[in-house]
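What follows is a set of notes on a single structure, which appears directly below.
The values are calculated or read from the model by the stated rules, or taken from the named source; none is laboratory data. As the structure is a computational prediction, the values presented were derived from the model and not from experiment. Here the Cβ positions follow ideal geometry from the backbone for every residue, glycine too, while neighbour counts run over all protein chains shown. The protein model used for the area step is the full one, side chains on, heavy atoms only, and it has no ligands, DNA or RNA in it. Shrake-Rupley method; radii C 1.70, N 1.55, O 1.52, S 1.80 Å.
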Amino acid sequence: EGVEVVRHYMHLFMALCAQRHELLHALLDAYVQATPGVRTAVQHSITDMIKAIGAESPVLLKIIGNFPKGSELLLLAFVRTLTETGNPGQHKKLLDAIKALYARIGDARFMIYICSALSRSEVEELLPRIVALPQVGVKAALHRLLHARYSALTPEKLMLALHKLSPAGKDLTLKKIAEAIELCFNDRAIFTTQVLAVVLQQLLDQNPLPELYMRTVLLALKAEPTLTDFVTSRMGILQRLISKHVWTMPTLWKGFIKCCRQTLPRSAGVLVQLPPQQLSKAVIECEELGKPLALYITDQLAQGYNVPGQILKIVETWMRGSNAPALRQNSRSEAEREGEGRDSPADAR
């Protein structure tokens, strides 16, 4: 009820502000002195007034450049209203005023509403400050970037830029970066199966590989299980990670093993491409890989393929430890298998 009373009495004054822009100074001064409830009511009542004043008002532009301390949320409401429709870039004076404000006080919240009008280099420079904001601000900024009619960054380029961010201080943590990436994934209207595949491929081409890469692969598989073939195929992501010696990168190696577990049994054919020492390590670190791997090897032997002795030894060691039945044909010597069988995919290394 109190909020409605405030709105009722504010209506006339805001109508006057729309005609006499200088009255905005009095509005801001009163706002700073008001109670939290009244401030909220004012923030929710300014839409029609600000639209009437417009983005070209010299008084409003001057206020954006120099506003009273404590009125930040009201100014943010002004800026949001002025930029919520159309392209913010069409209002150059407003754009310049907000940029100047950001350069002076470093508050990235004001840049949320014009980020879609910035150049690629400006967006990339701003991105760490955006991601360090509370999640509601991050979500608003990413939504504007992804859904802008004219944006300097495509969804793929934005995802690359997010993965290139490095933690800095208490506000820009690896967790915050990961959350921003996940917010993008949640926008399925933009991040379709095809876009996700392109993103995963482009990230894989980075050197060094982003620390969050495997987390992103797992997110992509969760969002689109149909990407499993793309991940586990003969020239897919897991295979390429092996060629990059993923086991030398601890964080990515853990993600690699999780991905192999998640994509079983398809990933068994990829696992046997690991060097024996790394394959043994993977089976030790994740026992769930053992049974599907043993079944895969058993199937290879049944089809007459050769399986390297070192791989057989790893699988047989696991089977003894788990009291599983011995491999079929495992009594045959490796020499016999080499003389009679066909090359197994495990020999393709």
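Report the charge-dipole magnitude of the chain in Debye, nearest 20, computed about the Cα centre from +1 at each Lys and Arg Cβ and -1 at each Asp and Glu Cβ. It would help to have the intermediate numbers written out before the result.
On the way: 41 positive and 33 negative charges, 59 e Å.
The dipole of the chain has a size of about 280 debye.
The residues Ile63, Ile284, sorted by heavy-atom accessible surface at 1.4 Å with ligands and nucleic acids left out, run Ile284, Ile63 from largest to smallest.
Leaving out ligands and nucleic acids, and using a 1.4 Å probe, what accessible area per residue does the chain come to in Å²?
Working: 17870 Å² over 349 residues.
I get 51 Å² per residue for the chain.
How large is the translational diffusion coefficient of the stretch 188-263 in µm² per second when you combine the Kirkwood radius over alpha carbon pairs with Stokes-Einstein at 20 °C and 1.002 mPa s? D = 174 µm²/s.
Viscosity 1.306 mPa s, temperature 10 °C: what is the translational diffusion coefficient of the stretch 162-218 from Stokes-Einstein with a Kirkwood Rh over Cα pairs, rounded to a whole number of µm²/s? Can you show the working numbers first?
Details: Rh = 12.0 Å.
Once the numbers are plugged in, D ends up at 132 µm²/s.
At a Förster distance of 41 Å, what's the computed FRET efficiency of Asp299 paired with Lys258, Cβ-Cβ distance as r, to 0.05?
Details: r = 24 Å, r/R0 = 0.59.
Between Asp299 and Lys258 the formula returns 0.95.
Ordered by 1.4 Å accessible area with all protein chains kept, Tyr113, Tyr150 run largest first as Tyr150, Tyr113. Measuring only protein heavy atoms, the 1.4 Å probe finds Glu288 accessible over about 110 Å². The H on the amide N of Tyr305, modeled in the peptide plane, is under 5 Å from the matching H of Arg342, each at least 5 residues off or on a different chain. Rounded is the label for the stretch 111-165. Its Cα gyration tensor axes, ordered a ≥ b ≥ c, give a/c under 1.5.
Normalising the average separation of contacting C-alpha pairs (under 8 angstrom, six or more residues apart) by the number of residues puts the relative contact order of the stretch 64-160 at 26 percent.
Placing unit charges on each Cβ (+1 for Lys and Arg, -1 for Asp and Glu) gives the stretch 1-154 a dipole about its Cα centre, and among Phe110, Ala140, Ala152 the Cα reaching farthest toward its positive end belongs to Ala152. Just to be sure I understand the curve: with the Debye formula and one point per C-alpha of the stretch 1-126, what is log10 I(q)/I(0) at q = 0.13 Å⁻¹? For the stretch 1-126 at q = 0.13 Å⁻¹, log10 I(q)/I(0) is -0.52. Entry note, the chain: relative contact order of 8 percent, from Cα contacts under 8 Å with a spacing of 6+ residues.
Computed across the stretch 77-219, the Kirkwood radius stands at 15.6 Å (inverse of mean 1/r, all Cα pairs). Rounded to the nearest 10 square angstrom, Val42 shows an accessible area of 10 square angstrom against a 1.4 Å probe. Of the residues Trp318, Trp253, ranked by 1.4 Å probe accessible area with the largest first, the sequence reads Trp318, Trp253.
First compute the accessible area of the chain with a 1.4 Å probe, then give the percent of it belonging to carbon and sulfur atoms. Show your work: numbers first, answer last.
Values: 9470 of 17870 Å².
Exposed carbon and sulfur together represent 53 percent of the surface.
The alpha-carbon of Lys69 sits under 30 angstrom from the alpha-carbons of these lysines, leaving out residues fewer than 8 places away in its chain: Lys51, Lys92, Lys93, Lys99, Lys139, Lys170, Lys176. Within the assembled protein chains, the solvent-accessible surface assigned to Glu125 is about 150 Å², based on a 1.4 Å probe.
Working from label points 7 Å from Cα in the Cα-to-Cβ sense, the His245 to Lys313 distance is 2.3 nm.
Find out how many positive minus negative residues lie around Phe185, taking Lys and Arg as positive, Asp and Glu as negative, among other residues whose Cβ is under 12 Å from that of Phe185. Spell out each step's value before the answer.
Values: positive: Arg188, Arg215, Lys222; negative: Glu179, Glu182, Asp187, Glu224.
Charge balance in the 12 Å sphere: -1.
Under 20 Å from a label point set 7 Å out along the Cα-to-Cβ vector of Glu288, no amide N atom of the stretch 173-204 is found. For P(r) over Cα pairs in 20 Å bins from 0, in percent, the choices are [x] 33, 60, 7, 0; [y] 29, 58, 12, 0; [z] 25, 37, 22, 13, 3; which was calculated from the structure? Of the labelled values, this structure produces [z].
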